[in-house]
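See below for the structure under consideration.
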């Protein structure tokens, strides 16, 4: 796409401004939560921890808090809120990437990360822990682990079944839909006979950042870096796939292999997101479209762009949830819809470009 | 026109090599990221004045030693072995039934937080606690710890508790978060049977140095149970009853086998028509109720449910028990929350429905 | 690797389940040749192209591109040898044309390369070759169908392959764009030595632009050679079931076919082929409509006197009409006039076409005179504003004379046929000619 004609020096300046803005957004977001932290105190705590203790050696000085109250605030900001902010960015990126990749592979503007039933698989995995108390003693390990396994296994199963001669886009899609419905039915059955645990599973289903801590963030960061980078490499192939399988192949793209690899990476990314945050909808669907509206349909841009947009989107949803309903932690899935729909409709009706993806 | 038809190595191989390098570098970076974040920001339990694990924990039963111990080792209802501070001043209670025990043992002043649902505040409190309970136990919205729809750790952290008493309404993941992130011990109290309530009383008593009060309470409970079973023992045929705790357009929710409600009914000398159901909390269709034709109907009130709610249920007026007037309302907490109140108030009230004179 | 042999296909057989789409097809295409692949729908043209691209696995036979079997080539290597311009392409995104053409550069790169200056240069050249360079930043969704097809061609060109396959590229194009597209491809073939195989449904386009025409019918190769050698009326009838006339385009010397009707269409049996012929007097192209109409109606037709190289003479030749023919531009000589009179004598009806009359063929109007009495004679009126008399008034006078002798004037060739049929109706015996109104 033609450059916007911004000179290199201005671009550097723009980039620096964006980076600073992003940093400020992250810091301020880390002050938001069910328990409100005064801004000055919060910033001092954050800068103290971020600088390894160098800045603001006595973070709570002058705030009128006792030592134990101070250490509680530090814990809340540094061990609860800040990891949640990072997790929101990472999971948002994962979902945006996955959604963009699936929209490309299936040439369908309505595709989202959970298209192939990964949500049902992950929920079943979570239900195994919540209801059948598998791995009860180490629930913080087993819950994400089983949710991840359930989700990833669903994706792998679909890839294994719809292979070779049956590896067409339609077969993959229908297999995924069929599997999703089957797993959903199994889940309903499980929940019906275990009403006590079903409440917790329903909580999990609505999505949330509650599991965030530094270990979790590390795992998710590593996963997003590996899977996400690999996925972005397929930008060119995805561009060509939009022309149809045959044309793409005539131009040198191994369409079937590309599809399988992209689906595998996308499933893994989604499974990681699901493992730690449950099912958060709308991010994966909308982020790629926002990027397309602003920067065109080249997947070499759409994928990394969707990661960035998804990250900010999810963080924004988290912030909006706390600003609109202070004092409570509400399911994140509600706010991704609230935050996303108006903005998306605005973009849709702005009509700056001709139709992208067939009129959407 | 240049015609490079060779499937020779150079360009293709160079490309695939660079991709391999990217993967290798990405994995290295990922590994470093994981290791780095986990190590650099290693979590130190920052909970205020939690007892260090290095002090030798001493066990106490009902015998008292000359020196009050720092910690107590207990085994909770889920079989977890937990080391808790002895007689902690700041406790969070995450269940109304546990709150009942705690209150009856005179420990209300130790309680700094209770379970709530979002949005927090008084409305969140009322999701779990009835107005009577709130009034009786002196609870208010500032004590809220959000346990639903999702668990909010910070609402617990800000209360700086030394101990958390929770039932299984709190998810396993939340329990892990509390223990690992805050370093606060969690004792799970979920009595499997009525007698388990007495075990819980003793457990709480042991933790808080009120073993005397616990013993007294248990004696009361035992006597109430004995009286109730006495009545039931004198009866040859048990009347049939439908005990329903909720209603919707499809039918009436009742207690199935393995639930407290069902064992209460049996203990009181009656037979529930859902005693042989396949699920723990079955929904009985009106047809089923008509076929089983219970002699008595008991409905649970509270949390928005009252007589008119049930009267609006499907085919309510067709039930012979309703037409005969053998319908009674009971506080649903007495039927669902496994605590001393269930035994001390619930059982006599339930039994009075079937045996008005004998109790 | 046989030098210069772009495509080698031997004994190719392709099955789809029970159906055999291609039977034992052989095809050798030397590098730099433009092959027009023709055949009716379902004859296997697209299947053949798809087999060359490696989309379809043959059940038997050999398929090689530049010496290597297609199946053995990895997909990327295939894309370096052959590019494809499909009939229509589905792209819903509004990609700018330059970017779209750059997509075609995929096979020349590895996974992580960016578009280089070379890529942009090649893409730009491809766009200018199809005449779309000035639209390079426009989105592909906003351009017309013809431009779109050219864009698809540009993308395939950007692939820089020595072989180009086109599958009915002119389907959605108007006639101007059809010629434009094929002319550009032809130029590519000639200037850059690109081998082209194009499936074309229009035989005349194939004849005009291809070096060689290969005709498929029901999965078999039924014809293969230069357009002049391959195109024939028999071919069109046999393969397409169409009756046609073959002509030679005077400008290019290339053959062209004019389809007339389906073979299965039975002619209106107004006349039977027994009994005498109907004679058409014509020349200068004026006799052709009458000749055709009469032949279509089932009459045996003779004609005269015509000049060699006259289109009427060619039409007569094409229709199988026996004619008296004089040398080019010569006045009608005695032998021809005698022959003409013999033909006139045998005819059971005469149709005089509105042919331009000059000194060299004025004799035609004279020779007809004795026969006007004997058989039904019809005079086709000239179109208003057309001058037919180039003989100083003698022609007009002769025509008036014929009318006064009994020739009936009719408005057109079709009317003439109807009038002849009516006149010959009772078992072919000539009926008395109806008297014209102005008699």
>> Being closer than 30 Å to residue B:257 by Cα, in contact (Cβ under 8 Å) with a residue 24 or more places away in the chain and buried (at least 19 other Cβ atoms within 10 Å of the Cβ) narrows it down to one residue among A:126, A:180; which is it?
In response: A:126
> What residue, among those in segment C:16-34 that are out of contact with any helix residue (DSSP H, G or I) (no Cβ under 9 Å at 6 or more places or on another chain) and at pLDDT 90 or above, is surrounded by the most Cβ atoms within 10 Å (Cβ to Cβ)?
Replying inline: C:29
>> Given the criterion within 14 Å of chain B (Cβ to nearest Cβ), crowded, with 16+ Cβ neighbours inside 10 Å and within 20 Å of residue C:174 (Cα to Cα), identify the matching residue among C:147, C:129, C:89, C:160.
In response: C:129
> Can we say residue C:271 is at positive phi and at pLDDT below 90?
Replying inline: no
>> With under 29 Å from residue A:125 (Cβ atoms) and crowded, with 23+ Cβ neighbours inside 10 Å as the only criterion, which of A:273, A:337 stands out?
In response: A:273
> Considering segment C:174-203 alone, what residues qualify as being outside any helix (DSSP H, G or I), in contact with a helix residue (DSSP H, G or I) (Cβ under 8 Å, 6 or more places away or on another chain) and surrounded by fewer than 20 Cβ atoms within 10 Å (Cβ to Cβ)?
Replying inline: C:174, C:202
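Condition check ((1) surrounded by fewer than 19 Cβ atoms within 10 Å (Cβ to Cβ); (2) within 14 Å of chain A (Cβ to nearest Cβ); (3) at pLDDT below 75) across all residues:
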| position | (1), (2), (3) |
| --- | --- |
| B:49 | yes, yes, yes |
| B:55 | yes, no, yes |
| B:61 | yes, no, yes |
| B:102 | no, no, no |
| B:106 | yes, no, no |
| B:113 | no, yes, no |
>> Going through C:66, C:16 one at a time, which residue ends up being within 14 Å of chain B (Cβ to nearest Cβ) and more than 20 Å from residue C:153 (Cα to Cα)?
In response: C:66
>> I'd like to check something: does segment B:303-315 contain any residue that is in contact with a helix residue (DSSP H, G or I) (Cβ under 6 Å, 6 or more places away or on another chain), crowded, with 17+ Cβ neighbours inside 10 Å and without any contact (Cβ under 8 Å) to a residue 60 or more places away in the chain?
In response: no
> Does segment C:94-108 hold any residues that are more than 26 Å from residue A:289 (Cβ to Cβ) and more than 7 Å from every other protein chain (Cβ to nearest Cβ), and which are they?
Replying inline: C:105, C:108
> Any idea how many residues of segment B:153-182 are at pLDDT 90 or above and at the interface with chain A (Cβ under 9 Å from one of its Cβ atoms)?
Replying inline: 7
>> Among the residues in segment C:36-45, are any surrounded by 14 or more Cβ atoms within 10 Å (Cβ to Cβ), within 14 Å of chain A (Cβ to nearest Cβ) and either at pLDDT 90 or above or part of a strand (DSSP E or B) (or both)?
In response: no
>> Tell me the residue from B:244, B:215 that is within 24 Å of the chain's Cα centre (by Cα) and part of a strand (DSSP E or B), please.
In response: B:244
>> Can you name every one of the strands (runs of 3 or more DSSP E) wholly within segment C:279-393 that holds 2 or more residues which are over 27 Å from residue C:404 (Cα atoms)?
In response: C:322-326
> Of the numbered conditions (1) in contact with a strand residue (DSSP E or B) (Cβ under 6 Å, 6 or more places away or on another chain); (2) farther than 21 Å from residue C:20 by Cα; (3) surrounded by 15 or more Cβ atoms within 10 Å (Cβ to Cβ), residue C:249 satisfies every one except a single condition; which is it?
Replying inline: (3)
> Can you spot a residue in segment A:252-270 that is crowded, with 21+ Cβ neighbours inside 10 Å, closer than 30 Å to residue A:85 by Cβ and within 14 Å of chain C (Cβ to nearest Cβ)?
Replying inline: yes
> What are the residues in segment B:317-344 that are in a helix (DSSP H, G or I) and without any contact (Cβ under 8 Å) to a residue 60 or more places away in the chain, if any?
Replying inline: B:317, B:318, B:320, B:322, B:323, B:324, B:334
> Which is assigned to a helix (DSSP H, G or I), surrounded by 14 or more Cβ atoms within 10 Å (Cβ to Cβ), under 21 Å from the mean Cα position of the chain (by Cα) and modelled with pLDDT of 90 or more, of A:32, A:90?
Replying inline: A:90
> Does residue C:208 satisfy the condition of being part of a helix (DSSP H, G or I), surrounded by 18 or more Cβ atoms within 10 Å (Cβ to Cβ) and either in contact with a strand residue (DSSP E or B) (Cβ under 7 Å, 6 or more places away or on another chain) or free of Cβ contacts under 8 Å to residues at least 60 places away in the same chain (or both)?
Replying inline: yes
>> Tell me which helices (runs of 4 or more DSSP H) are completely within segment A:270-360 and hold 2 or more residues being at pLDDT 90 or above, or say none if there are none.
In response: A:283-295, A:299-324
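The values are calculated or read from the model by the stated rules, or taken from the named source; none is laboratory data. Values in this document were obtained by computation on a predicted structure and should not be read as measured data. Cβ sites come from the backbone with ideal geometry, for glycine too, and all protein chains shown count toward neighbours.
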